[in-house]
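Accompanying notes for the structure given below.
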Amino acid sequence: NAGVTQTPKFQVLKTGQSMTLQCAQDMNHEYMSWYRQDPGMGLRLIHYSVGAGITDQGEVPNGYNVSRSTTEDFPLRLLSAAPSQTSVYFCASSYIGPYSNQPQHFGDGTRLSIL
Amino acid sequence: AQSVAQPEDQVNVAEGNPLTVKCTYSVSGNPYLFWYVQYPNRGLQFLLKYITGDNLVKGSYGFEAEFNKSQTSFHLKKPSALVSDSALYFCAVRAGLDSNYQLIWGAGTKLIIKP
């Protein structure tokens, strides 16, 4: 029972490089999201999706792109890495349901350092 | 503006004593409230939620939380703390059906249980 799988677990990039953080879930969840976690700031939503082909911006979308071609996968792309994007990135998914009260399931995170 | 506050950055409790981690919220409409726990180098794990009904909600690992509408609070509690409860705890709120499934997160409280 894999749940939410994120790869890679760690990554070091140079300023200006691009990369894709992978996220896959095997629970057939409609909702998927990307957060970044910085000390003392809790979780900030980057982008989210409520189903294949549907994405929307969260609180801090600048510098990031997403796509949702399948229910299972929700990759996050850093277009041109900046030191301010050094963070821990979490992918989460949930069943939507009729009342939007379902808990989110999280991956173990990608620790990203931009030099 | 909608918000969640966790007023304590850190809570220290002796093993065997009761613990409380505080959370207050400000949202329009009826809130859906959640508590999550994060162990080192792991993703967040769902502990419990309040949707409606009884104000005292029981969750995983012996935790419970009390919803207080008049004080707009949702404090996390446990009658007898264990060293293994040491972790980072997050409170989150979803502002009902019009929230587009997004959660508003507190900044987190580090719980330290001393033997």
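The values are calculated or read from the model by the stated rules, or taken from the named source; none is laboratory data. Everything numeric in this text was worked out from a predicted model, so none of it was measured. Here the Cβ positions follow ideal geometry from the backbone for every residue, glycine too, while neighbour counts run over all protein chains shown. Side chains are part of the model used for accessible areas, which takes the heavy atoms of the whole protein and leaves out ligands, DNA and RNA. Shrake-Rupley method; radii C 1.70, N 1.55, O 1.52, S 1.80 Å.
Across the range B:1-55, the number of residues qualifying as part of a strand (DSSP E or B), open to solvent by less than 50 Å² (accessible area, probe 1.4 Å) and under 28 Å from A:Thr7 (Cα atoms) comes to 8.
Hey, does the range B:99-108 have a residue that's touching a residue at least 40 places away in the same chain (Cβ under 8 Å), open to solvent by less than 10 Å² (accessible area, probe 1.4 Å) and over 22 Å from A:His47 (Cβ atoms)? No, the range B:99-108 has no match at all. Consider A:Tyr48 carefully, then state whether it is in contact with a Leu (Cβ under 7 Å, 6 or more places away or on another chain), assigned to a strand (DSSP E or B) and aromatic (Phe, Trp, Tyr). No. You will find that of A:Leu79, A:Leu115, the residue that is farther than 25 Å from B:Gln38 by Cβ, touching a residue at least 40 places away in the same chain (Cβ under 8 Å) and in contact with a Leu (Cβ under 8 Å, 6 or more places away or on another chain) is A:Leu115 and no other. The residues of the range A:15-43 that are touching a Pro at 6+ places or on another chain (Cβ under 8 Å) and surrounded by 15 or more Cβ atoms within 10 Å (Cβ to Cβ), listed by number, are A:Leu21, A:Gln22, A:Cys23.
Taking the criterion of being closer than 13 Å to A:Gln22 by Cβ, without any contact (Cβ under 8 Å) to a residue 40 or more places away in the chain and in contact with a Leu (Cβ under 6 Å, 6 or more places away or on another chain), the only residue of the range A:53-76 that qualifies is A:Val66.
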